[in-house]
1. Which of the residues that make up segment 103-133 are of a type in the set (S, T, N, Q), within 19 Å of Ala77 (Cα to Cα) and in contact (Cβ under 8 Å) with a residue 60 or more places away in the chain?
2. (1) over 13 Å from Ile47 (Cβ atoms); (2) in contact with a strand residue (DSSP E or B) (Cβ under 7 Å, 6 or more places away or on another chain): which one isn't true of Gly121, the others all being true?
3. Taking segment 1-46 only, how many residues are farther than 18 Å from Asp133 by Cα, touching a helix residue (DSSP H, G or I) at 6+ places or on another chain (Cβ under 7 Å) and either aromatic (Phe, Trp, Tyr) or in a loop (DSSP other than H, G, I, E, B) (or both)?
4. Regarding Pro26, is this residue modelled with pLDDT of 95 or more and open to solvent by less than 30 Å² (accessible area, probe 1.4 Å)?
5. Please work out which one of (1) within 17 Å of the chain's Cα centre (by Cα); (2) at pLDDT 90 or above; (3) open to solvent by 20 Å² or more (accessible area, probe 1.4 Å); (4) of a type in the set (Gly, Ala, Ser) is the condition Ala8 fails and give its number.
6. Do you know which of the residues in segment 51-67 that are more than 12 Å from Pro89 (Cα to Cα) and not β-branched (Val, Ile, Thr) is nearest to the chain's Cα centre (by Cα)?
7. Which members of segment 139-150 meet the condition of being closer than 14 Å to Arg44 by Cβ and open to solvent by 30 Å² or more (accessible area, probe 1.4 Å)?
Amino acid sequence: MTEQNPVALTEGECGALRLPVPAGEPKFIVGTHGQVLQWVGDGRTLIALTVTVRRQTRMTSPFALRNHLSWELDRLAERMEGELRREEPGVDSESSTPEGTIDGHREGLDTHNRVLVSTDGQDMYIVHVMVTDTDAGRALAGEVLAGVGF
């Protein structure tokens, strides 16, 4: 926990994925094709950290991951109110972990959303960090995504 980032993070695992997560147990949902883990914040910096694990996916190419990221960002954009700012990799991106952002107003808060899509070659992982659109919120989102790995 730093002055810039008031949320204490610890090392967590979601399947093969490792990443910094808030202390405490996440909400855990098991579905037909995978699972969802969600940590809910206090709304001052962290609003929510959600990790979706899609089991035994065939979507492991950089193209498929980038397309899925675009779909995830479209879903987020539908829930935003008013004007929003969106960034995502270009069509020529060969990143194996494409990342995008959507900033805008949602349910009374100015939010900064960062989404990363990755794979271990078998399962697909979607990490969505929703924070307040502040310096501390952006720093927290950056810290979480910088720590993602297998």
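1. Thr111, Thr132
2. Here Gly121 meets the rest and fails (2).
3. Summing the residues that are farther than 18 Å from Asp133 by Cα, touching a helix residue (DSSP H, G or I) at 6+ places or on another chain (Cβ under 7 Å) and either aromatic (Phe, Trp, Tyr) or in a loop (DSSP other than H, G, I, E, B) (or both) in segment 1-46 gives 0.
4. Values: modelled with pLDDT of 95 or more: yes; open to solvent by less than 30 Å² (accessible area, probe 1.4 Å): no.
Against the criterion (modelled with pLDDT of 95 or more and open to solvent by less than 30 Å² (accessible area, probe 1.4 Å)), Pro26 does not qualify.
5. It is condition (1) that Ala8 fails.
6. As a first pass, look at segment 51-67 and keep what is more than 12 Å from Pro89 (Cα to Cα): 51-61, 64.
Those left that are additionally not β-branched (Val, Ile, Thr): 54-56, 58-59, 61, 64.
On the way: Arg54: 14, Arg55: 17, Gln56: 20, Arg58: 20, Met59: 18, Ser61: 19, Ala64: 17 Å.
Only one residue fits best here, namely Arg54.
7. Ala139
For every residue, the table says whether it meets (1) farther than 25 Å from Ala16 by Cβ; (2) touching a helix residue (DSSP H, G or I) at 6+ places or on another chain (Cβ under 7 Å); (3) free of Cβ contacts under 8 Å to residues at least 60 places away in the same chain.
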position	(1), (2), (3)
Thr50	no, no, no
Gln56	no, no, no
Met59	no, yes, no
Ala64	no, no, yes
Leu69	no, no, yes
Arg85	yes, no, yes
Thr101	no, no, yes
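The values are calculated or read from the model by the stated rules, or taken from the named source; none is laboratory data. Note that the coordinates shown come from a computational prediction; the quantities given were computed from them, not determined experimentally. Glycine also receives a Cβ, built like all others from the backbone with ideal geometry; neighbour counts cover every protein chain displayed. Just so you know, the surface numbers come from the protein's heavy atoms only, side chains and all, with ligands and any DNA or RNA stripped out. Shrake-Rupley method; radii C 1.70, N 1.55, O 1.52, S 1.80 Å.
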